[in-house]
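The block underneath contains the structure these notes are about, expressed in structure tokens.
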Amino acid sequence: MIQKHPIFPHRVRKVPKQFSWVDHRLVRDHWIDRLSHRAAALYLFLVTVADAQGLSYYSDSMLAKRLGMEEAALDQARNELRRPGLIAWKKPIYQVLPIEEHEVPPETERRPTGRPLSIGQILKQIAEDAS
């Protein structure tokens with residue numbers, strides 16, 4: 001049996017005051033607006049399968065298969081969640097992190113919503129997608 005230990009023990013999530021494991025701030029504070037569909041799907045999957053400490057250890061190949069994406073797309077989705085601190089990952093462990101009260105999603109990482117983007121925003125998205 002695999003011994004699981006939080007990657008960030010000081011950031012073990014707790015059930016939010018509202019009912020669900022998915023923190024309402026994900027929507028209320030517009031985090032979800034800044035995620036690609038793939039990153040949102042990965043986040044939902046990880047929240048669903050994680051234990052009480054937010055830990056899970058699905059392999060990349062299994063996650064990619066379950067989510068219907070290539071492993072390269074999974075890497076991008078994982079990085080998209082790691083950058084703002086929504087998850088931590090240290091192969092093979094994922095940790096869903098709590099959304100901290102003081103955190104606000106960066107405006108520059110917003111997913112296109114039909115509004116025009118600046119050249120800087122477009123170039124940043126291209127650079128992030130390439131990494």
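The values are calculated or read from the model by the stated rules, or taken from the named source; none is laboratory data. Model, not experiment: these values are computed from the prediction. Counting neighbours? That spans all protein chains shown, and the Cβs are built from the backbone with ideal geometry, glycine included.
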Would a scan of region 101-109 turn up a residue that is farther than 17 Å from residue 38 by Cα, of a type in the set (D, E, K, R) and either assigned to a loop (DSSP other than H, G, I, E, B) or at pLDDT 95 or above (or both)?
yes
Determine if region 16-28 includes at least one residue that is of a type in the set (D, E, K, R) and surrounded by 15 or more Cβ atoms within 10 Å (Cβ to Cβ).
yes
Would you check if there is a residue in region 60-77 being of a type outside the set (A, V, I, L, M, F, W, C) and within 20 Å of residue 100 (Cα to Cα)?
no
Every residue from region 27-53 that is farther than 13 Å from residue 79 by Cβ, in a helix (DSSP H, G or I) and among the charged types (D, E, K, R):
28, 33, 34
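Would you mind stating whether residue 45 is aromatic (Phe, Trp, Tyr) and within 16 Å of residue 100 (Cβ to Cβ)?
no
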